[in-house]
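Student: Right, I'll just put the structure down here and ask away after.
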């Protein structure tokens with residue numbers, strides 16, 4: 001079982017940090033691996049299988065497939081090979097940070113050979129760590145998964161409802177124009193609404209019977 005961080009109740013005026021939607025204890029840890037070497041990818045998949053944790057590994061071999069994956073699915077942990085044919089791990093980090101559905105996901109840089117400058121750049125880009133592939137045995141991967149997933153506190157339905165109420169009230173009382181595109185990005189990043197382009201209307205989440213305020217998309 002993956003340990004979770006202690007929950008806290010959001011207060012008016014507090015900063016909401018990107019968190020994930022609730023998991024159940026039986027849910028597998030969703031891992032995205034960006035790795036162009038099929039041999040290395042197969043090795044890592046095998047090692048994940050030896051961690052004694054429920055893990056589902058999705059492998060992408062280039063930035064194109066990776067970009068599609070992070071737009072369409074939400075992951076718990078992302079491992080990024082530093083050297084890939086159509087870019088590098090730093091570019092992959094930037095794409096991740098710019099994708100609302102996974103902007104907050106913990107990420108780890110991996111490489112056959114880790115240099116000091118590479119590690120520094122990876123940490124500055126938001127990675128939890130930069131590790132040599134040869135170190136990624138089952139014990140290391142298990143610790144890494146626990147560390148990464150445990151760093152992301154869980155929303156509960158009660159907290160989600162409180163946050164929606166607070167956001168709705170703040171938007172209703174705003175004395176200056178609100179950039180709804182920025183609000184949409186932030187809410188999607190923390191898992192409260194669907195990301196841009198999703199078939200559901202992200203604004204409908206604020207349309208409730210007990211309030212006279214209805215938050216809708218702006219049309220021009």
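Where a number appears in this text, it was derived from the coordinates with a stated rule and is not lab data. Small disclaimer: the values here were computed from a predicted structure and weren't measured. Here the Cβ positions follow ideal geometry from the backbone for every residue, glycine too, while neighbour counts run over all protein chains shown.
Student: Any idea how far apart residue 67 and residue 38 come out in nm if each label point goes 7 Å out from Cα toward Cβ?
Tutor: Placing both labels 7 Å beyond Cα along the Cβ direction yields 2.4 nm.
Student: Based on other C-beta atoms within 10 Å, arrange 109, 140, 118 from fewest to most.
Tutor: By the 10 Å Cβ count, ascending: 140, 118, 109.
Student: For each of 40, 139, count neighbouring Cβ atoms within 10 Å of the residue's Cβ, then give the residues from fewest to most.
Tutor: Placing the least packed residue first, the sequence is 139, 40.
Student: Could you calculate the contour length gain from residue 176 to residue 134, that is, 0.36 nm times the residue separation minus the distance between their Cα atoms, to one decimal place in nm?
Tutor: That works out to 9.7 nm of additional length.
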